[in-house]
Each structure stands twice: as structure tokens, then as C-alpha cells.
Amino acid sequence: FLKGCPPAPSLSRVSAAQVATKVAAQVAAQVRLLLPVAAQKGDSAEVARLLLECKSADDLNYAALKGNTPLHWACACDEAKVVDVLLADARVSVDACSRHGMTVVHHAASANALRVLPKLIAPGARAAHLLDAPNEWGEVPLHVAATAGHAGVVRMLLEHGAATDAVDQWGRTP
């Protein structure tokens with residue numbers, strides 16, 4: 001060794017558990033970064049690959065920008081194949097709310113997502129119980145769709161039994 005230089009660290013001091021922990025943290029960070037992007041872009045193959053790599057439901061349901069999870073993004077972008085892949089994984093939460101208490105059904109209704117919405121609200125669907133869920137202003141998805149002028153979404157929500165008497169914080173019904 002050179003005079004005055006500390007000895008090189010020994011690799012034997014790093015345990016396999018430490019390496020595994022560091023790798024797991026890197027994978028989690030990658031999933032948190034890439035999964036929402038893949039969901040927005042409609043890359044169902046990449047979403048499926050990331051789901052397989054991820055070990056934590058917290059990472060799959062991580063809500064970063066605007067409080068949106070990957071499922072929120074897929075619904076807001078009307079990416080039906082991505083929604084199918086996400087809903088097939090039991091670790092993906094349909095109950096997570098984004099900013100202002102918006103559910104995945106609110107996001108689909110707001111975005112005029114006619115391909116995604118039936119996958120969420122059909123009888124027996126994982127998110128069917130959110131058909132009349134209010135956001136923080138008391139608006140149900142029918143309010144959101146009607147306000148946006150999305151006639152096809154309004155029709156679909158009504159066909160699935162959406163309540164027409166829900167009152168928001170301003171006293172409005174859909």
C-alpha cells in the first residue's frame with residue numbers, strides 16, 4: 001500500500017444480506033419511477049415486467065405526482081390493456097384515492113375513458129363498489145362526467161346504476 005493511503009475496503013465485509021437489501025431498494029425505486037410512465041404510455045408488457053420484479057404492494061401503489069397511482073394514470077389515459085394487467089394483480093389497490101379524494105372511477109369518468117370504465121364498474125369488477133364513491137367535495141363519478149360533458153360516460157354510469165341523487169358540497173346533483 002502507498003504510504004498515507006488507507007487500505008482498500010474488503011469485499012468480505014459486505015454481507016450477502018446487505019447486497020440483497022441494496023438491490024431490492026434499487027428495484028423498488030425503479031418500479032416507483034417506471035411503472036407510472038409505462039401505465040400512461042399504454043405499455044402493458046413493461047407494466048407486466050415491472051409487476052413481476054416488484055416485491056412490495058407499497059411500490060406498486062406508490063402515488064407520486066398529484067397523488068396518482070399507476071392505476072389512476074392508466075384510467076386517466078384510457079389504457080385498457082394496462083388496466084387489465086394491473087387489475088389482474090391482487091396487490092394493486094383499486095381503493096387508493098389521488099389528490100382531492102379522486103378514485104380510479106373518477107379518473108376514468110373525467111377522462112372520457114370509455115374503454116377502461118366498463119372494466120372498473122361492471123358487476124363483479126374489483127372497482128364496482130366505487131361507482132358512487134364521493135371525492136372530497138362530495139362529487140361522485142357521475143358529477144364529474146356530467147360536468148365534463150362526457151355523454152357516453154354518463155350513459156354508461158347510469159346503465160350500471162349510478163345514483164342520480166348524490167349531492168355535492170355545493171348542493172348540486174349530477
Using heavy-atom solvent-accessible surface (probe 1.4 Å) with all chains present, what is the largest-first order of ARG155, ARG91, ARG172? ARG155, ARG172, ARG91
Within straight-line cross-link reach of LYS55, aspartates and glutamates at Cα separation under 17 Å, skipping those fewer than 8 residues along the same chain: GLU46, ASP89
Zone of THR164 (label point 7 Å along Cα→Cβ, backbone N under 14 Å): which residues in segment 116-149? 142-143, 146
Counting pairs of alpha carbon atoms under 8 Å apart in space and at least six apart in sequence, what relative contact order in percent does segment 99-174 give? 30
At a threshold of 8 angstrom on Cα-Cα distance, excluding pairs fewer than six apart, so keeping six or more, what relative contact order does the chain reach in percent? 14
Taking 7 Å along the Cα-to-C-beta vector as the label spot, tell me the THR147-ALA88 distance in nanometres, rounded to one decimal. 3.5
Taking θ as phi - 60°, what are the ³J(HN,Hα) couplings along segment 91-97 by the Karplus curve (6.51, -1.76, 1.60), each to the nearest whole Hz, with x for Gly and Pro? 6, 7, 7, 8, 8, 5, 10
Of the accessible area of segment 49-142, computed with a 1.4 Å probe and all protein chains kept, carbon and sulfur make up a percent value of 57
Just tell me, in residue order, which DSSP H segments of the chain are both 27 angstrom or longer along the helix axis (alpha-carbon based) and at least -1.0 in mean Kyte-Doolittle hydropathy. 16-41
Mind putting together the pair-distance distribution for the chain? All Cα pairs, 10 Å bins, whole percent per bin, short to long. 10, 34, 26, 13, 7, 5, 3, 1, 0
Additional length obtainable on full extension of the chain from GLU53 to ARG115, 0.36 nm per residue less Cα span: 19.6 nm
Leaving out ligands and nucleic acids, and using a 1.4 Å probe, what accessible area per residue does the chain come to in Å²? 54
With N set to the number of residues, divide the alpha-carbon radius of gyration of segment 88-174 by 2.2 N^0.38 Å and report two decimals. 1.00
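The values are calculated or read from the model by the stated rules, or taken from the named source; none is laboratory data. All values reported here derive from a predicted model rather than from experimental measurement. Backbone-built Cβ (ideal geometry, glycine too); neighbour counts: all protein chains shown. Ligands, DNA and RNA are excluded from the accessible area calculation, which covers all protein heavy atoms including side chains. Shrake-Rupley method; radii C 1.70, N 1.55, O 1.52, S 1.80 Å.
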